[in-house]
Amino acid sequence: MPDATFELLRDDRNRLVLRRPGQEDAVDVRIRRSFPWSEPRRHLSVRAADGRELLMIDDLDALPEAQRRFIEQVLADTHFIPRILRIEDLDLRFQHQQWKVQTDRGPAVFRVQEREDIRFLSDGRFTVKDADGNLYELPRLDELDEYSRRMVERLL
């Protein structure tokens, strides 16, 4: 981390504030993962509201526990890529795939237009893009229940 001393907190209007010694507080900052799929816990960028990078957190796990937990909660609150936990049904009868799934955000039903919309990641997970452009995370096949695994294997 280029700047090892910093604090992230919420102000009275629930905005995220970056506080660093000797510098003016940066209000309404955002935390973004530089490599959300391959290294979600490394290279976190703290950015000003206008997009300028203010701080790079090289390794989330190297931070003190309270600070790490706070950042994890901020990321969880702003991370809107549902993780598929189980596939209830996968209908392949038409020109598209109709998925009915359970996610960590609740049940979802969506269409996938092309096989290319299911992308393999280097760590064994997949991304699934629905017909509306929404992304879902699909865990590695060995992390799925048997029925869900069989459904996905039909597509691969």
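The values are calculated or read from the model by the stated rules, or taken from the named source; none is laboratory data. Worth saying up front: this structure is predicted, and the values here are computed from it rather than measured. As a convention, Cβ positions derive from the backbone with ideal geometry for all residues, glycine included, and neighbour counts pool all protein chains shown.
Structure above, values below:
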quantity	calculated
One residue from GLU137, GLU153, GLU114 being touching a Ser or Thr at 6+ places or on another chain (Cβ under 7 Å) and either exposed (fewer than 12 other Cβ atoms within 10 Å of the Cβ) or not assigned by TED's automatic domain parsing to the domain that holds ASP28 (or both)	GLU137
Unique residue being hydroxyl-bearing (Ser, Thr, Tyr) and more than 19 Å from the chain's Cα centre (by Cα) when the list is THR78, THR5	THR5
Residue within region 139-149 that is at pLDDT 95 or above, under 22 Å from the mean Cα position of the chain (by Cα) and hydroxyl-bearing (Ser, Thr, Tyr) present	yes
Residues satisfying the stated conditions in region 112-150, i.e. touching a residue at least 40 places away in the same chain (Cβ under 8 Å), among the basic types (Lys, Arg) and not in a helix (DSSP H, G or I)	ARG125
In region 72-88, the residues that are at pLDDT 95 or above and touching a Lys or Arg at 6+ places or on another chain (Cβ under 8 Å)	ILE87, GLU88
Some residue of region 83-98 being polar (S, T, N, Q) and under 30 Å from ARG30 (Cβ atoms)	no
Qualifying residue in region 50-70 (condition: at pLDDT below 90, under 30 Å from PRO21 (Cβ atoms) and in the same structural domain as VAL17 (by TED's automatic domain parsing))	yes
